[in-house]
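One structure is given here, and the rest of the page talks about it.
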Amino acid sequence: MNIFRLLGDLSHLLAIIVLLLKIWTTRSCAGISGKSQILFAIVYIARYLDLLNTYISAYNTIMKFVFISASLATIFFMYVKFKATYDHNHDSFRIEFLIAPALVLALLINHEFSPLEILWTFSIYLESVAILPQLFLVSKTGEAESITSHYLFALGSYRGLYLLNWVYRYYAEDHYDLIAIVAGVVQTVLYCDFFYLYITKVLKGKKLQLPA
């Protein structure tokens, strides 16, 4: 554990809290992509199946449990409790076009050809593009509420901080994971345009608008 990973985890947790609070307090899922939330749930479940047979630390176990539970709760809110507020028409991204390539890539490029390792690798590849349906939804509708923008910024910050974590581990521990680094860079790049708009508009009190 180092400061960059800790801040990354806290940023990730903040993003989830912001999203759940947004849905619960407004009683609405408007502006949130259910497709992205499904992808994140798949990512967490595939990555954290080692909860069944591996114990690293209480912190590690609690965080994994929180991420899985929160993602499933979000899906429940969107598709059951507040279903009437969910924008099915605009949230039309074909997620099978993300899941299938990530799975094929995990079968071809991995550290070890074993079920848990392939699932972990699959989760890394899928997470790198899981935000695309959300960005696609924002682009399609043309704007995003400030609270949704804060969620996306916190989520993007988590990935950026994890890149710094990998840099730190390379120099401090002589450790690196090329699969995770490449996937993380891809994910961070996807947020770049959003980061610019967030800093120049949302932080100045303006509503975020993206080109349709």
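Observations, loosely collected:
- Within region 50-65, considering residues that are under 22 Å from Ile118 (Cβ atoms), of a type in the set (A, V, I, L, M) and assigned to a helix (DSSP H, G or I), the one modelled with the lowest pLDDT: Leu52
- Residue match in region 117-135 (condition: out of contact with any strand residue (DSSP E or B) (no Cβ under 7 Å at 6 or more places or on another chain) and free of Cβ contacts under 8 Å to residues at least 12 places away in the same chain): yes
- Filtering region 3-25 to residues that are free of Cβ contacts under 8 Å to residues at least 12 places away in the same chain and of a type in the set (S, T, N, Q) leaves only Thr25.
- Subset of region 68-103 [of a type in the set (A, V, I, L, M) and either farther than 22 Å from Tyr125 by Cβ or open to solvent by 30 Å² or more (accessible area, probe 1.4 Å) (or both)]: Ile68, Leu72, Ala73, Ile75, Met78, Val80, Ala84, Ile99, Ala100, Leu103
Quick grid of which residues meet (1) out of contact with any Phe, Trp or Tyr (no Cβ under 9 Å at 6 or more places or on another chain); (2) crowded, with 19+ Cβ neighbours inside 10 Å; (3) of a type in the set (Asp, Glu); (4) in a loop (DSSP other than H, G, I, E, B):
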| position | (1), (2), (3), (4) |
| --- | --- |
| Phe4 | no, no, no, no |
| Leu7 | no, no, no, no |
| Leu14 | no, no, no, no |
| Leu21 | yes, no, no, no |
| Ala30 | no, no, no, yes |
| Ile45 | yes, no, no, no |
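- Residue selected from region 51-67 under the condition farther than 20 Å from Gly184 by Cβ and either charged (D, E, K, R) or touching a Ser or Thr at 6+ places or on another chain (Cβ under 7 Å) (or both), by the criterion most open to solvent (accessible area, probe 1.4 Å): Tyr55
- Top-ranked residue in region 113-141 [being over 12 Å from Lys35 (Cβ atoms) and of a type in the set (A, V, I, L, M); ranked as most open to solvent (accessible area, probe 1.4 Å)]: Leu116
The values are calculated or read from the model by the stated rules, or taken from the named source; none is laboratory data. Given the structure is predicted, the values throughout are model-derived calculations rather than measurements. Cβ coordinates were reconstructed from backbone atoms using ideal geometry, including for glycine residues, and neighbour counts include every protein chain displayed. Side chains included, ligands, DNA and RNA excluded: accessible areas come from the protein's heavy atoms. Shrake-Rupley method; radii C 1.70, N 1.55, O 1.52, S 1.80 Å.
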